[in-house]
Structure formats: structure tokens, C-alpha cells
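Encoded as C-alpha cells, here's the structure I'll be asking about.
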Amino acid sequence: LFKEVPKGYPEPGKTTVYDTSDTIDLDTVALNGSILIKVLYLSADPYMRGKMRDPNTKSYSPPFTLGAPIDGFGIGKVVRSEKEGLKEGDIVSYHAMQWVEYMIPEDTSYIEKLDPLPGLSLSTYIGAIGMPGKTAYMAWKEYAKAKKGETAFVSTAAGAVGAIVVQLAKLDGMKVIASVGSDEKVQFAKEIGADVVFNYKTTDTEEVLAKEGPIDVYWDNVGGSTLDAALGNSAVLARFIECGMISGYNSGGQPVSMKNLMKIVSNQIDMHGFIVSRLFSKYNKEFNEVIPKLIKEGKIKHNEDLTKGLEFGGEALLDVQVGNNTGKKVVVVAEN
Ligand code: NDP
């Protein structure tokens, strides 16, 4: 349950609490034309911090309701159904899956029946084949205008979105510079093909980019001083893909001193901010034809970081904000 608006990082047991007081009888609970879902996998995402806010403040995604279960992307199994087209045993994905063990959605129009490819774990459908994978693929296709031999810089390169971006850039024949927050992540980013990988906590971003740049495409997941360093080392006609700014999510987005903003003008940079849902209708079909196959064949690698047990959901939410995850953070509520 969402319990309290956090001031800084979300605190397990305080911002969110695990609560067992609300129970339902699975055999008799009324469905009213809906379905009863057993929740299997839940996605812990950076954007969820933005939903832990005062309900009176506006943002692109509605706030969580105090006292109610939080929700996000999830995969579940239909236990009972009164909805045409869905039957017991079907696997479904839903963008507003509640962080509960069983749920009955009020509105079933956005419930998507999955036909998972054999050999791929169901959790992949909230990671590399889910929203983060779509974010990487769709925005890369739309904005990167990648050319062979050019240089891309990707921040949070060992994360759910960043790791896919690194591999798309390599498939397009680019040199890839990757920044990550730990030595373990350096290893992973190398394994997925990044050419130059550094830990931004121990190595100066500015120095690496000055040596390895200039940057033709910057995939920005962090904002702040990293964005400034990327601007300072941008090529003429560079493309900046503004995907996220996690460096400010837990500090109220405090301003950082930017010394290189004029580069946007002088280097004639295309800056593209986006929310992935806008790109769904254009790229969903293509994504479904291309990415699951590449992942199944191992041509695009992905990594998952599993937290087992809904009772540890609060820890999973914090992990993503502080960087304790390598790859897609998934909460395993049940395995089948
Ligand atoms: P990740 O799996 O990459 O997890 C978040 C990572 O952010 C952490 O592991 C950590 O990696 C890094 N991080 C945390 N704090 C900081 C900090 N202060 N400075 C720099 N890096 C930090 O998450 P996702 O791949 O799911 O999301 C990546 C970004 O993409 C986020 O900004 C998210 O909001 C954005 N996003 C945007 C979408 C859109 O539609 N525009 C859709 C989906 C995601 P490290 O240890 O390497 O620092």
C-alpha cells in the first residue's frame, strides 16, 4: 500500500507497507463481468517514484492513491473469467497491475492476452519485451538517425532500457560509450558489446567523453551533470534522446549548474523528449516482429534482477532508485 509521500528516496515500510489485512475468497468473490488474476510478476520502474507524490501536483502519470495498493506493469494468470475471450490459465499483461496477490480489474479493456514464446521467461514480457524494451526500440528508431561509424553515449547502460539501447546502437554499427554505476555493471555493459565502459562514480564523465567523443547520439537516462557533460562533448548535428532524468527523481529535480547549454544552439542539436506510449501505435507491430525473435535467438541479451516475494516490494522500488539493480528489476509474486 502507498502509505506516505516520501521526501527523498522511498522507504520500505514507511513509503509503502506490506499489508495482509484484505483477503478475498477466490471461489466466491464476485467478478461482475471481469476476471480474477493471480499476479505473477511485477515491474519496479523508475517512473513509479514520480507517482509517490502529493495528489494535488500534476505530472504525465497519475499519482498513487494513499492507503491503496500501488500499481504498474505486471504479468498474471487468469484464475476465473466472466470476460469473453479470456479463460482460466490464460497469461495476461496489464499496465495497471496492482501490487497484490490477486486482483479483479474494474476495466478489462487494456488487459492483453499474451502468447509467450517457448523458451522465454514470462518476466521478459515486462522487461526486454515489455515497456522498457519498447522504450529503447521505439525511441531509438524514431530519433537516433543512427549512422554506421558514429558515436553513441548511453547512460545507465546496464539497466533495463540502457542495455537494449547499447545493443541497438551496436547493431547499427556505432561506437558505444557506456556509463554505469558499479564495477559489476561495467562487466555487464562490456558483455553486451559497449566499446568504452566506465563507472561514473569513480571516473570523470567529462574526461571520458572528451577523449572518446564527440558524441553523435546521446541516450539520456539520468539528466543533470551527465547531460551537461554530453552537451559539452557533442558533435555538430547531434541527436539527444531525452528518455529520463533519474539523477533528480529523489531530490525534487534540483537544478544543477549547466555550463554547456549553448551547445544546443551552436551544434544545432536535436533534443527529443518523449513518453513511450506516444510511439506505441507507430512501432508496436514492428517491435513484436523484431525484438522477441532477437531475444530468443540470443542476438539481444537482457538481464533480470529478481526480488522474490511481494513483501519485499518496497526494497525493489528503492533498489531501482539507488542503482542496486543490474538489469530489469522484477518482483516475483508467484511463479505460476
Ligand atoms: P534501470 O533499470 O536503468 O534502473 C535505474 C538505474 O538508474 C539504476 O540502476 C542506476 O544505474 C541509475 N541511477 C539511479 N540513480 C542515479 C543517479 N543519481 N545518477 C545516475 N544514475 C542513476 O531503469 P530503467 O531502464 O527502467 O529506466 C531508465 C531510465 O529511463 C529512467 O530515467 C526512466 O525514468 C526512463 N524511462 C523513460 C521512459 C519514457 O517513456 N520516457 C520509459 C521507461 C523508462 P547506475 O548504477 O548505472 O547508476
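The values are calculated or read from the model by the stated rules, or taken from the named source; none is laboratory data. As the structure is a prediction and not an experimental result, all values here were calculated from the model. Reconstructed Cβ throughout: ideal geometry from the backbone, glycine too, with neighbour counts over all protein chains shown.
Look at segment 46-59 and say how many of its residues are farther than 23 Å from G323 by Cα and either of a type in the set (K, R) or near the ligand (Cβ under 9 Å from one of its atoms) (or both).
1
Something else: Which of the residues belonging to segment 141-158 are over 22 Å from F198 (Cα atoms) and either modelled with pLDDT under 95 or of a type outside the set (A, V, I, L, M) (or both)?
The answer is K141, E142, Y143, K145, K147, K148.
Okay, moving on. Of (1) more than 29 Å from P12 (Cα to Cα); (2) surrounded by fewer than 18 Cβ atoms within 10 Å (Cβ to Cβ); (3) not small (G, A, S), L86 satisfies all except one. Which?
In the conditions (1) more than 29 Å from P12 (Cα to Cα); (2) surrounded by fewer than 18 Cβ atoms within 10 Å (Cβ to Cβ); (3) not small (G, A, S), L86 misses (2) alone.
Residues that are within 14 Å of the ligand (Cβ to nearest atom), surrounded by 15 or more Cβ atoms within 10 Å (Cβ to Cβ) and at pLDDT 95 or above: find the strands (runs of 3 or more DSSP E) completely inside segment 241-332 holding 3 or more of those.
304-308, 328-332
Restricting to segment 1-39, name every residue that is in contact with a helix residue (DSSP H, G or I) (Cβ under 6 Å, 6 or more places away or on another chain) and farther than 26 Å from G253 by Cβ.
Of everything in segment 1-39, just one residue is in contact with a helix residue (DSSP H, G or I) (Cβ under 6 Å, 6 or more places away or on another chain) and farther than 26 Å from G253 by Cβ, namely Y18.
So which strands (runs of 3 or more DSSP E) are wholly in segment 156-228 and hold at least 3 residues that are in contact (Cβ under 8 Å) with a residue 24 or more places away in the chain and near the ligand (Cβ under 10 Å from one of its atoms)?
Those strands (runs of 3 or more DSSP E) span 175-180.
Something else now. Could you tell me whether any residue of segment 303-325 is within 19 Å of V165 (Cβ to Cβ), touching a His at 6+ places or on another chain (Cβ under 7 Å) and not assigned by TED's automatic domain parsing to the domain that holds E242?
No: segment 303-325 contains no residue that is within 19 Å of V165 (Cβ to Cβ), touching a His at 6+ places or on another chain (Cβ under 7 Å) and not assigned by TED's automatic domain parsing to the domain that holds E242.
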